[in-house]
Amino acid sequence: MLSFRVEPEVAEKVREMAVSLGIPQSEMIREALRQHLNALAAQHDALVYEKSPLTPEELAFASVERWAPAEDWSEWTDETG
């Protein structure tokens, strides 16, 4: 459970947007917070990658264009689908 204060202008914008979207304010705030946390995590991942890029061994998998069975197994499907 989180509880925090915001400026009255921000609170009013939240109310207006939630009404215009037809969703509860708490749902809108949860989704906005989730998206923001995902964006921060992506930025962090990028910084980690810059400091420690993939090794040649890890990059070897990039040459694999498509992972699939080596044989055609399509005739093994069941008659019902």
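Quick note: the coordinates plus some simple rules give every number you see, no bench work behind them. This is a predicted model, so every value here is computed, not measured.
Can you pull a Stokes-Einstein diffusion coefficient for the stretch 10-59 at 25 °C (0.890 mPa s), Rh from Kirkwood over Cα pairs, as a whole number of µm²/s? D = 183 µm²/s. Sequentially through the stretch 46-57, phi angles give Karplus couplings (6.51, -1.76, 1.60; θ = phi - 60°) of 5, 5, 4, 5, 4, 6, 9, x, 4, 7, x, 5 Hz, Gly and Pro residues having no value and appearing as x.
Springs between alpha-carbon pairs under 10 angstrom, Gaussian network model over the chain: which of A39, A60, A18 fluctuates most? So, out of A39, A60, A18, the one fluctuating most is A60. Calculated mean residue ellipticity, 222 nm, the chain: -18000 deg cm²/dmol, from DSSP H runs (n ≥ 4) at -39500 (n - 2.57) each, averaged per residue and rounded to 500.
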